[in-house]
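Here, each number is a calculation from the coordinates, and none is a lab measurement. The shown structure was predicted, so the numbers you read here are calculated from the model rather than taken from an experiment. Positions of Cβ are generated from backbone atoms using ideal geometry, with glycine treated the same way; all protein chains shown enter the neighbour counts.
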Amino acid sequence: MSNRPSAGTRRLVAERADFRCEYCKTPAALSAAPYSGEHITPRSQGGSHEAENLAFCCLGCNGHKAAKTKAVDPATRQTVSLFNPRLERWSDHFVWADGGITIQGRTPTGRATVAAMLLNRVGLRNLRRLMLMAELHPSAAEG
């Protein structure tokens, strides 16, 4: 078995996500670091390189998710599954807040994912301010 997804699978994953991180929604074109196919179920837990187990992901979100599949919802203190972009819609779990500067969890899964993956890290908030000024904010693409 290969150590990484095929070029065709990587292309499909990027196109399917409209070249935006499927967690923080940052466009790859505005990042200095390359994006990757993040394993939703980590390889260490039996996850495959198949497209249905991959999310297009920025380096920051990939690093903060690491091998996690669950996290604690800060509101209920319950352990819940992290957001799975293959099975769930982003807008069901998250909403833009503070004029588009922060991502707020709407559900236990959303809140746990925001907290575990640090979806409101300083660099992302700063980039979102710039995207708003340049009319490139991801919320515009979501209609």
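Here mean projected area of the Cα convex hull in nm² was computed from the coordinates, and among [x] 11.3; [y] 9.2; [z] 8.5 the match is [z].
On a C-alpha basis, how far is the centre of region 65-115 from the centre of region 1-33 in Å? Whole number, if you could? Measuring centre to centre over Cα atoms gives 20 Å.
On the basis of the beta-carbon distance and an R0 of 22 Å, R77 and R121 show a calculated FRET efficiency of 0.45.
Applying 1/(1 + (r/R0)^6) with R0 = 30 Å to the Cβ-Cβ distance of L87 and M133, what FRET efficiency is obtained, to the nearest 0.05? Walk me through the numbers on the way to the answer.
Numbers: r = 34 Å, r/R0 = 1.14.
Rounded to the nearest 0.05, the efficiency is 0.30.
If you put +1 on each Lys and Arg Cβ and -1 on each Asp and Glu Cβ, how big is the dipole of the chain around its Cα centre, in Debye rounded to 20? Please report the intermediate quantities before stating the final value.
Working: 19 positive and 12 negative charges, 76 e Å.
That gives the chain a dipole magnitude of about 360 debye.
Counting only helical runs of four or more DSSP H residues, what would the 222 nm mean residue ellipticity of the chain come to if each run contributes -39,500 (n - 2.57) and the total is spread over all its residues?
After summing the helix terms and dividing by the residues of the chain, the value is -9000 deg cm²/dmol.
The percentage of C-alpha pairs in region 63-143 whose separation is greater than 15 Å is 57%.
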